[in-house]
1. Among ILE166, VAL194, ALA112, pick out the residue whose Cα is farthest towards the positive end of the charge dipole of the chain, where Lys and Arg carry +1 and Asp and Glu carry -1 on C-beta, about the Cα centre.
2. Who wins for biggest fluctuation among ALA170, ALA62, ALA143 in a Gaussian network model of the chain, springs between alpha carbons below 10 Å?
3. Kindly report the accessible area of the chain per residue (heavy atoms of protein chains, probe 1.4 Å, no ligands, DNA or RNA), in Å².
4. For the chain, with a Gaussian network of springs between Cα atoms less than 10 Å apart, report the residue from SER54, SER185, SER138 with the top mean-square fluctuation.
5. Give the relative contact order (percent, whole number) for the chain; include only Cα pairs under 8 Å separated by 6+ residues.
6. For the chain, what is the mean residue ellipticity at 222 nm derived from helices alone (per DSSP H run of n ≥ 4: -39500 (n - 2.57); sum divided by total residues; nearest 500 deg cm²/dmol)?
7. Mean separation of Cα pairs under 8 Å and 6+ residues apart, divided by the residue count of the range 151-208: what relative contact order is that in percent?
8. Under a GNM of the chain (C-alpha, springs under 10 Å), which listed residue has the highest mean-square fluctuation: MET83, MET132, MET59?
Amino acid sequence: MTQVRVIHHPVVQHKLTELRDHRTGPKRFRELLREITPLLLYEATQDLEVEDVSVSTPMGEARGRRLRGTIGLVPILRAGLGMVEGALQVFPEAQVWHLGIYRDERTLQPIAYYNRLPPQPTVTWCFILDPMLATGGSAVAAADILKRWGVPRIVFVGVIAAPEGIERFAQAHPEIPVYVAAVDSHLNPHGFIVPGLGDAGDRQFGTGMS
């Protein structure tokens, strides 16, 4: 089964609570999403490979460790855009590849509309960024694309997940770990997480109903 890790750190939960609040406006919502992302990535990067190195300090030689491999950030448009800035604080030299996937409101099925990945993989680790793992369709589609691209390691990082989305993702990609701040109760008939936080894209950009 997919490895699901719920991050219960007090600071993460504090920011999550403010994200949920319907009174939180777009500006603060974007700030919170940027702030919570590095905290989620701190947990999601514990298995990154490192190599032993030596560096010269002003006082002598020191043994240390350096990350091995290259990092790719893959935000799912459009809600995932809000997590990119925070992720780049952790990995300032990461490559960023956008995937455009939207959910058909009638069928709740994912529809891919944008993909500018190069012909061959250029990274060894990819972190899929999407605040919500709801039906799981977009996350599954993104992982399908990255697997076909040939990325060796993939991790999903989000804020809130629904049990239905976790189950769907686990069936399709049981080896990909999932890191979130909460697993909520269920999906409503429209495919929104309950209690959730509404539509993460609308709340970031001040569009639609929150």
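1. Most positive-ward Cα: ALA112.
2. The residue with the greatest mean-square fluctuation here is ALA62.
3. On the way: 10810 Å² over 210 residues.
That works out to 51 Å² per residue.
4. Of SER54, SER185, SER138, the Gaussian network model singles out SER54 as fluctuating most.
5. Numbers: 420 pairs, mean separation 51.8, N = 210.
So the answer I get is 25 percent.
6. Values: 6 runs with 66 residues, N = 210.
Helix-only estimate at 222 nm: -9500 deg cm²/dmol.
7. Numbers: 62 pairs, mean separation 18.8, N = 58.
Relative contact order of the range 151-208: 32 percent.
8. Greatest mean-square fluctuation among the candidates belongs to MET59.
The values are calculated or read from the model by the stated rules, or taken from the named source; none is laboratory data. If you're wondering where the values come from, they're calculated on a predicted model, not measured in any experiment. Note that each Cβ is placed from the backbone with ideal geometry, even for glycine, and that neighbours are counted across all protein chains shown. Areas reflect the complete protein model, heavy atoms only, side chains present, ligands, DNA and RNA absent. Shrake-Rupley method; radii C 1.70, N 1.55, O 1.52, S 1.80 Å.
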